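Below is one structure, written out as C-alpha cells; the observations come after it.
The values are calculated or read from the model by the stated rules, or taken from the named source; none is laboratory data. Because the structure is a prediction, the values reported are computed rather than measured. A quick note on method: Cβ atoms are made from the backbone with ideal geometry, for glycine too, and the neighbour counts reach across all protein chains shown.
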Amino acid sequence: MASLDEPTIRIPSPVTASPWANRASLSWLNAGLLLVGALLVLSPLGVVVLTSLSPASAPATATARWTFDNYRTAWQQGNFLLAFANSTLVALAVTALQIITSALAGYALARLKFRGRQAVLLIVLATLVIPFQLLVIPIFIVLRWGHLINTYGALILPTAVNGFGIFLMRQFFQTIPVELEEAAALDGATRLQTLWRIMLPLARPAMVTLFLFTFIGEWNDLFKPLVFTTRPELQTVQLALAEFQEQFTNDWSRMMAAVVITTVPVVFLFLLGQRQFIRGIAATGIKN
C-alpha cells in the first residue's frame, strides 16, 4: 500500500474532438465541393453570356464594353417571336396530353387489378429503349395518311403519350396509402372522383416533374419540326436557332445571344419548379 506522503500521479485523459466540430468541418467540406462543382458546370454558361454581351469586333473578356445590341439583332433577324409562340403552343399541348394520359395509365397500373397488368407494364418500359428516330418512318406515314403533315398535329400527336410519364406516375401513385382510396370509396366516390380529388392533388410533385421533363424536351426538340414540317409559319425555336446559326456562322457574339434567348425560358421554368421536381424524383423510387 502506498504511503500517504507519496505524490499521486494522474495521467490526463486524451482530448476527443467534439462531434459538433466534426459536423461543422464536414459541412464546410461539402459546401466547398458543391461550390467547385457549380463553378465547373456554370462556367460554359458564363462564357456564352460573356460572349453574347461583347461587341462583334472585340474579344469576349470581363473588361470589354458590354452591349445588348447582339440580343436586339438576334431577336429581329432570327424571327424568334413567331418561333417562341409556336414552341410554347406545342410544348404546352404535348405536356398537357402527357400529364392526362400518364395519370390515367399510371393510376390503372398502380391500383387496378386486371389480367396482364405486368405485361402491360413491361411493354411500357420497353418503349423507353426505342429511340424516336427509329419510329419516324411509320409515324410519317400515319401523319400523311391523316393529312397532318405541315400542321400543329404533326408536332403534338407523335409525343402525346410517353412511357416515362406513365412509369413516373405509376411509381408515385404507389407511394400514396391505399387507405385514402378506401375511405373515399366508403363515401361513395368513384374511381375517377378518387383520382381527381385525392390522387392527383397528392401527386403534384410527380406532375410538376413530368411537366418540366416534357416541356423542356419539347422546347429543345429539333427533330420533329425538321421532319414533319416545311412551312415557315410553323417554325419552332430550335429550327429558328439552327437557321440563324447558318446565317451568322462567323459572328460568335450574335450566335451566343441567340443561344441565350432560346435558353432563358427553360432555365427560368426549371428554377420555378425545382423544389417540386426534386420531391417528385425522390418519391418515385420508394416502391417497386
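The table below lists the values:
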item: Hits in region 160-190 - residues which are of a type outside the set (Phe, Trp, Tyr) and surrounded by 20 or more Cβ atoms within 10 Å (Cβ to Cβ); result: Asn162, Gly165, Ile166, Leu168, Met169, Arg170, Gln171
item: Complete set of residues in region 200-231 that are among the basic types (Lys, Arg) and assigned to a helix (DSSP H, G or I); result: Arg204, Lys224
item: Among the candidates Ala110, Ala60, Ala91, residue that is at pLDDT below 90 and touching a helix residue (DSSP H, G or I) at 6+ places or on another chain (Cβ under 7 Å); result: Ala60
item: Selection count where residues are of a type in the set (A, V, I, L, M, F, W, C) and in contact with a Leu (Cβ under 8 Å, 6 or more places away or on another chain), scope region 214-229; result: 5
item: Selection count where residues are of a type in the set (Phe, Trp, Tyr) and in a loop (DSSP other than H, G, I, E, B), scope region 232-278; result: 1
item: Of all residues making up region 140-199, the number that are in contact with a Lys or Arg (Cβ under 8 Å, 6 or more places away or on another chain), touching a residue at least 24 places away in the same chain (Cβ under 8 Å) and outside any helix (DSSP H, G or I); result: 3
item: Options Leu234, Leu226, Leu200, Leu222; residue that is closer than 17 Å to Ile100 by Cβ, modelled with pLDDT of 90 or more and surrounded by 13 or more Cβ atoms within 10 Å (Cβ to Cβ); result: Leu200
item: Which numbered condition Leu121 fails, given (1) closer than 20 Å to Leu222 by Cα; (2) modelled with pLDDT under 95; result: (1)
item: Selection count where residues are without any contact (Cβ under 8 Å) to a residue 60 or more places away in the chain and buried (at least 16 other Cβ atoms within 10 Å of the Cβ), scope region 94-126; result: 3
